[in-house]
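Engineer: Structure in structure tokens, see below.
The values are calculated or read from the model by the stated rules, or taken from the named source; none is laboratory data. As the structure is a prediction and not an experimental result, all values here were calculated from the model. In this analysis, Cβ positions are derived from the backbone assuming ideal geometry, glycine residues included, and neighbour counts consider all displayed protein chains. Side chains are part of the model used for accessible areas, which takes the heavy atoms of the whole protein and leaves out ligands, DNA and RNA. Shrake-Rupley method; radii C 1.70, N 1.55, O 1.52, S 1.80 Å.
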Amino acid sequence: MNATEPRCFALLPCAGSGSRAGTAQPKQYQVVAGQPMVRHTLAAFAAVPRIARTLVVVAPGDATLQDEDASVFVVACGCATRAGSVFNGLKALLEQGASAQDWVLVHDAARCLVTPPLIDALIDACLPDAVGGLLALPLPDTLKQATAGGRVAATIDREGKWLAQTPQMFRFGLLQEALAVHAATGFAGITDEASAIEAAGHAPLLVRGSAQNVKVTWPEDFALAEAVLRSRHP
């Protein structure tokens, strides 16, 4: 990639508490397969040459990540919401030299099973696209609508429905503008970058991800992540 072409940056929101995971510390720092989950995530992005720089957004006062290499920057500008952390992270990267036309790949720190080929596949698909897109998978299971009492209210047609994953890749300027509209409401209803882009009237590209690219959320997910990572590096 020459100097005139847009660059690709990675942004990892890493300020969450991970309360659903049942861990004593934020789940992104839980040790899995010998090291904190976020280290596996960072290693995957480090193996993609087209990523110019990775920025990790942590909570104020979080000094856990202090020995990163020159391509990784840690900024303590995290917020109570994921979207707020991403919004602040975009500002930090722009202050460090990114431009509005550069691309940013936003990825969950706790989605530690992402692989360099998946990241490359997303970049390949999005670079020529006018909007950008996200890794996702067609919904494989029957989808149920629940009542407040925990019973089935309806079966929902799964045709055309996808499970959103990360990374999600958009141009800095487009994503920053899309998020800024929702800043005054605390980013209410913005659950990922694609939802902000959709609210701005755009249609992100769906790029097929992997069933292994799960976000570690529940206590039982740690064993799955451990098994997958151990199988990759026996």
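Engineer: List the lysines whose Cα lies under 20 Å from the Cα of LYS27, skipping any in the same chain that are fewer than 8 positions away.
Structural biologist: LYS215
Engineer: Excluding residues on the same chain fewer than 8 positions from LYS144, give the lysines whose Cα lies under 16 Å from its Cα.
Structural biologist: Cα-Cα hits under 16 Å: LYS161.
Engineer: Enter the accessible area of TRP162 (Å², nearest 10), with the probe set to 1.4 Å and all protein chains included.
Structural biologist: 100
Engineer: Let me ask another. Carbon and sulfur: what percent of the chain's accessible surface (1.4 Å probe)?
Structural biologist: Carbon and sulfur together cover 55 percent of it.
Engineer: Tell me, what are the semi-axes, in whole angstrom and largest first, of the equivalent ellipsoid of the chain as set by the roots of 5 times the Cα gyration tensor eigenvalues?
Structural biologist: Each semi-axis is √(5λ); the values are 26, 23, 19 Å.
Engineer: Assign unit charges at the C-beta atoms only (+1 for Lys and Arg, -1 for Asp and Glu), then state the dipole size of the stretch 121-234 relative to its Cα centre in Debye, rounded to the nearest 20.
Structural biologist: In total the dipole reaches around 240 debye.
Engineer: Packing-wise, with mean Cβ within 10 Å as the measure, how do 72-85, 176-189 rank, highest first?
Structural biologist: Sorting 72-85, 176-189 by mean packing, highest first, produces 72-85, 176-189.
Engineer: For the stretch 1-141, what is the accessible area per residue in Å², given a 1.4 Å probe and the full set of protein chains?
Structural biologist: So the stretch 1-141 comes to 41 Å² accessible per residue, rounded to a whole number.
Engineer: Under the rule of -39500 (n - 2.57) per DSSP H run of 4 or more residues, summed and divided by the residues of the chain, what mean residue ellipticity at 222 nm is obtained, to the nearest 500 deg cm²/dmol?
Structural biologist: Estimated from H runs of four or more residues: -8000 deg cm²/dmol.
Engineer: Further question on the same structure: Heavy-atom accessible area of GLU220 with all protein chains present, probe 1.4 Å, nearest 10 Å²?
Structural biologist: About 120 Å², rounded to the nearest 10.
Engineer: Right, here's the next one. Report ³J(HN,Hα) in whole Hz for each residue of the stretch 207-219, in order, from the Karplus equation J = 6.51 cos²θ - 1.76 cosθ + 1.60 where θ = phi - 60°; Gly and Pro get x.
Structural biologist: So the J values, rounded to whole Hz, are 10, 4, x, 9, 5, 7, 7, 8, 8, 5, 10, 9, x.
Engineer: Read phi for every residue in the stretch 145-150 and hand back ³J(HN,Hα) as whole Hz from Karplus 6.51 cos²θ - 1.76 cosθ + 1.60, θ = phi - 60°, with x for Gly and Pro.
Structural biologist: 9, 9, 8, 5, x, x
Engineer: Now for a different question. With +1 on each Lys and Arg Cβ and -1 on each Asp and Glu Cβ, how big is the dipole of the chain about its Cα centre, in debye rounded to the nearest 20?
Structural biologist: 440
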